[in-house]
Amino acid sequence: MIGAVRERTLTPVSEADLSRMLRIRHFEKALLRLFEQGRLNGTTHTCLGQEHVPVAVSALLSPDDHVFSNHRGHGHFLARYDEPHALLAEITGREGALCNGVGGSQHIYHERFLSTGVQGESLPVAVGVALRHRRTGDGIACAYIGDGTWGEGSVYEALNMAQLWGAPLLVVVEHNRIAQSTPTEAQLAGSIAGRCAGFGVRHERVESVDVNVVRGALAPLVEYVRREKRPAVFEASVHRAGPHSKGDDTRTAAELAEAAAGDWYAHYTRDFPAQVAALEEIERAFVDAAVENVLARPLSEWS
Amino acid sequence: MRVAEHLNRSLHTLMENDPSVHLLGEDVSDPYGGAFKITKGLSDRFGPRVMSTPLSEGGIVGVGAGLALAGDRAIVEIMFGDFATLAFDQLVNFAAKSTTMYGRRVDVPLIVRLPTGGRRGYGPTHSQSLQKHFIGVPGLSVYEMSPFHDAGRLFTEIFDSGRPAVFFEDKVLYTKPMLSGGDGLHTFEVRDGWAVIRAERDTEHVLLAPGGLTDRALAALRDLLLEDEIACTLLVPARLHPLDVTPVADVLAAARRVHVAEDGTAGGTWGAEVARLLHERLWGRLTAPITHISAPDSIIPTAAHLEARCTVQPADIRRAINT
């Protein structure tokens, strides 16, 4: 069991990082609001509480790198690409959508970013892509998964092959302590570190909501994957501050309070209230305008 | 040349002509060269482009899909077709869906080779014909090797299509010779992905069967012609799904009785899909409903006398056609 995230004082945060974290936060909140209003079709999985992880990761990636994302992937995309309108158009099925509205929230393929909705499915695919990177020497594959994903056999097949064949594959685990409604201790025996050790795969874990601390812990690992052409697993301890999808949170009040206390947002508003307030106003307005803009567009077309 | 050797030579030529082709599978490297020796000599020649893998059918199909997405072309050998079930997610939910689910055409040049079928005594988990489980999967093509078709051309056709494919190879067919010209009674003609085997033009009876049934279908055709005085044309498609019957429309137009044979077990089969498609086209011209010949709804036993009961035999085909 990973302990609660506790940070006494955060390190100073760049405007770019904080802005992006806040943009993702307001993007996700806007989606939940649209659902409540009955203006969004289907389902979505927001990354509330986890936004700082992809913001920390993305700065360490190059455009040549491939990113594999999962069902909870809006933050992964928004941290890498400055294209929130296109993502929102995808989720709402409007003109300008990344994938013409066919893929929706969890099936995005844009440049070198690909997400898919089956747990663990992307890891063997990422190994294949990483093997090509190994051959051409031009990048790495980075795959985001959750702690729940470790129940899938494909994860182990992928780690085994990646280690055997020297695939430059970075696996970023957003360990949010819960798989839909099942607490991690009820679905994961042993530890992720122990499982990585079994394959001889390098593993690092960070327990911090500080985007600089997360990035600082990850940087040597990314460098290792790039230089040594080996796989590595980076486990970031986070709290899922929102529901699994929408309105399906069965956690107790105490558990929700703990998740809220572990949310990076609470820490940043406490330590940098003026900076957060100023940037938040900008990002909130930006997202609101984006929602208005995208929802006014014609429906997407697919041929 | 035997079919196994033809497949092997086709892979050699393919990898020689196209450096983007990679091949993965369990025990495919030399000196072993695969459980059925189809990949012999490839690793010695093409080095790291040929990879012997861990026992991870799902994983290696995913790796193949990843290579294909990133710009390579991948062939994955699964040692026994039965084990394709372990790769069902990667094939159905990833490789096949990826061709369209991102809202635009995405090429996934991936071939999953599946040694298949019974009649070798390997028992229930190493003998089944799983074609029917892959029929009608959006984005996925289903091919089957025949002794009439050039495997290299089929592999190239699949890669050029951009769609992933499962490629079934009957394990007994491996030991049979490639066929061309004719057998003294019938002429063998290949046109646009179909083999047309017939003793005369415009026969009343037409039998459709995948390549793995060729030896048994030919035996039945000979008996029908010589002993029952029934001329039947055999049609063997290389691509089972999607099935395009246009190239053999003339043969079908002349038919009054159509029969479909396959090695899959009864129920929800490829043959049923073919019958549906042909009933729509030929209704009114046929003098009887389309006949369906398949293995019974059963696992494939190991002992030879039991296995024979649960696999399609020449006599089953002959009986279905002459009654």
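The values are calculated or read from the model by the stated rules, or taken from the named source; none is laboratory data. A quick note: this is a predicted structure, and the numbers were derived from the prediction, not measured. Cβ sites come from the backbone with ideal geometry, for glycine too, and all protein chains shown count toward neighbours.
Laid out as a table, the results:
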{"read-out": "Checklist (1) in a helix (DSSP H, G or I); (2) surrounded by fewer than 24 Cβ atoms within 10 Å (Cβ to Cβ); (3) not hydroxyl-bearing (Ser, Thr, Tyr) applied to B:Gly62, failing item", "value": "(2)"}
{"read-out": "Any pair with Cβ under 8 angstrom, 6 or more apart, that starts in the stretch B:5-23 at a residue that is over 11 Å from B:Phe46 (Cβ atoms) and small (Gly, Ala, Ser) and ends at one that is in a helix (DSSP H, G or I) and modelled with pLDDT of 95 or more", "value": "B:Ser10/B:Ala151; B:Ser10/B:Gly152; B:Ser10/B:Phe155"}
{"read-out": "Residues of the stretch A:245-262 classified as in a helix (DSSP H, G or I), more than 20 Å from the chain's Cα centre (by Cα) and in contact (Cβ under 8 Å) with a residue 40 or more places away in the chain, total", "value": "1"}
{"read-out": "Matching residues in the stretch A:208-244 - criterion: being of a type in the set (Ser, Thr, Tyr) and part of a strand (DSSP E or B)", "value": "A:Ser237"}
{"read-out": "Condition met for A:Gly190 (in a helix (DSSP H, G or I) and without any contact (Cβ under 8 Å) to a residue 40 or more places away in the chain)", "value": "no"}
{"read-out": "Flag for A:Gly146 being on the phi > 0 side of the Ramachandran plot and either of a type in the set (Gly, Ala, Ser) or within 14 Å of chain B (Cβ to nearest Cβ) (or both)", "value": "no"}
{"read-out": "Yes/no for B:Arg201 being basic (Lys, Arg), surrounded by 15 or more Cβ atoms within 10 Å (Cβ to Cβ) and either outside any loop (DSSP other than H, G, I, E, B) or touching a residue at least 24 places away in the same chain (Cβ under 8 Å) (or both)", "value": "no"}
{"read-out": "Which numbered condition B:Asp244 fails, given (1) closer than 28 Å to B:Ser141 by Cβ; (2) touching a residue at least 60 places away in the same chain (Cβ under 8 Å); (3) not aliphatic (A, V, I, L, M)", "value": "(2)"}
{"read-out": "First in the stretch B:85-101 and within 8 Å of another protein chain (Cβ to nearest Cβ) and over 9 Å from B:Gly58 (Cβ atoms), second anywhere and polar (S, T, N, Q) and part of a helix (DSSP H, G or I), Cβ under 9 Å, 6 or more apart", "value": "B:Phe94/A:Ser122"}
{"read-out": "Which numbered condition A:Asn176 misses (of (1) crowded, with 21+ Cβ neighbours inside 10 Å; (2) more than 10 Å from chain B (Cβ to nearest Cβ); (3) without any contact (Cβ under 8 Å) to a residue 60 or more places away in the chain)", "value": "(3)"}
{"read-out": "Matching residues in the stretch B:14-55 - criterion: being under 23 Å from the mean Cα position of the chain (by Cα) and either among the basic types (Lys, Arg) or part of a loop (DSSP other than H, G, I, E, B) (or both)", "value": "B:Glu26, B:Asp27, B:Val28, B:Gly33, B:Gly34, B:Ala35, B:Phe36, B:Lys37, B:Ile38, B:Thr39, B:Lys40"}
{"read-out": "Residue list for the stretch B:216-241, restricted to those being in contact with a Ser or Thr (Cβ under 7 Å, 6 or more places away or on another chain) and surrounded by fewer than 17 Cβ atoms within 10 Å (Cβ to Cβ)", "value": "none"}
{"read-out": "Meets criteria (within 11 Å of another protein chain (Cβ to nearest Cβ), surrounded by fewer than 24 Cβ atoms within 10 Å (Cβ to Cβ) and within 22 Å of B:Tyr174 (Cα to Cα)) for B:Ser56", "value": "no"}
{"read-out": "Filter result for A:Val125 (touching a residue at least 24 places away in the same chain (Cβ under 8 Å) and either under 15 Å from the mean Cα position of the chain (by Cα) or more than 8 Å from chain B (Cβ to nearest Cβ) (or both))", "value": "no"}
{"read-out": "The listed residue being under 15 Å from the mean Cα position of the chain (by Cα) and either more than 28 Å from B:Gly66 (Cβ to Cβ) or not hydroxyl-bearing (Ser, Thr, Tyr) (or both), out of B:Leu91, B:Leu110, B:Leu140", "value": "B:Leu140"}
{"read-out": "Close pairs from the stretch A:94-119: first within 7 Å of chain B (Cβ to nearest Cβ) and under 26 Å from A:Asp138 (Cβ atoms), partner surrounded by 23 or more Cβ atoms within 10 Å (Cβ to Cβ) and at pLDDT below 95, Cβ under 8 Å, at least 6 apart", "value": "none"}
{"read-out": "Residue list for the stretch A:246-267, restricted to those being surrounded by 13 or more Cβ atoms within 10 Å (Cβ to Cβ), within 18 Å of A:Glu28 (Cα to Cα), in contact with a helix residue (DSSP H, G or I) (Cβ under 9 Å, 6 or more places away or on another chain) and of a type outside the set (Asp, Glu)", "value": "A:Lys246, A:Ala260, A:Trp264, A:Tyr265, A:Ala266"}
{"read-out": "Per-region count, the stretch A:226-244, residues out of contact with any helix residue (DSSP H, G or I) (no Cβ under 9 Å at 6 or more places or on another chain) and not acidic (Asp, Glu)", "value": "4"}
{"read-out": "Residue satisfying all of: in the stretch B:68-84; at the interface with chain A (Cβ under 9 Å from one of its Cβ atoms) and within 18 Å of B:Phe167 (Cα to Cα); surrounded by the most Cβ atoms within 10 Å (Cβ to Cβ) among these", "value": "B:Ala68"}
{"read-out": "Output for the stretch A:24-47, where each listed residue is surrounded by fewer than 24 Cβ atoms within 10 Å (Cβ to Cβ) and either aromatic (Phe, Trp, Tyr) or under 10 Å from the mean Cα position of the chain (by Cα) (or both)", "value": "A:Phe35"}
{"read-out": "Of all residues in the stretch B:102-117 being touching a Pro at 6+ places or on another chain (Cβ under 9 Å) and part of a loop (DSSP other than H, G, I, E, B), the one that is farthest from the other protein chains (Cβ to nearest Cβ)", "value": "B:Pro109"}
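Per-residue answers, yes or no, for (1) in the same structural domain as B:Ala249 (by TED's automatic domain parsing); (2) touching a Cys at 6+ places or on another chain (Cβ under 9 Å); (3) part of a helix (DSSP H, G or I):
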site: B:Glu280; (1), (2), (3): yes, no, yes
site: B:Leu286; (1), (2), (3): yes, no, no
site: B:Pro289; (1), (2), (3): yes, no, no
site: B:Asp297; (1), (2), (3): yes, no, no
site: B:Ile300; (1), (2), (3): yes, yes, no
site: B:Ala308; (1), (2), (3): yes, no, yes
site: B:Ala315; (1), (2), (3): yes, no, yes
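The rows are residues; the columns are (1) at pLDDT 95 or above; (2) among the hydrophobic types (A, V, I, L, M, F, W, C); (3) at negative phi; (4) within 23 Å of the chain's Cα centre (by Cα).
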site: B:Ala255; (1), (2), (3), (4): yes, yes, yes, no
site: B:Gly264; (1), (2), (3), (4): yes, no, yes, yes
site: B:Leu306; (1), (2), (3), (4): yes, yes, yes, no
site: B:Ala315; (1), (2), (3), (4): yes, yes, yes, yes
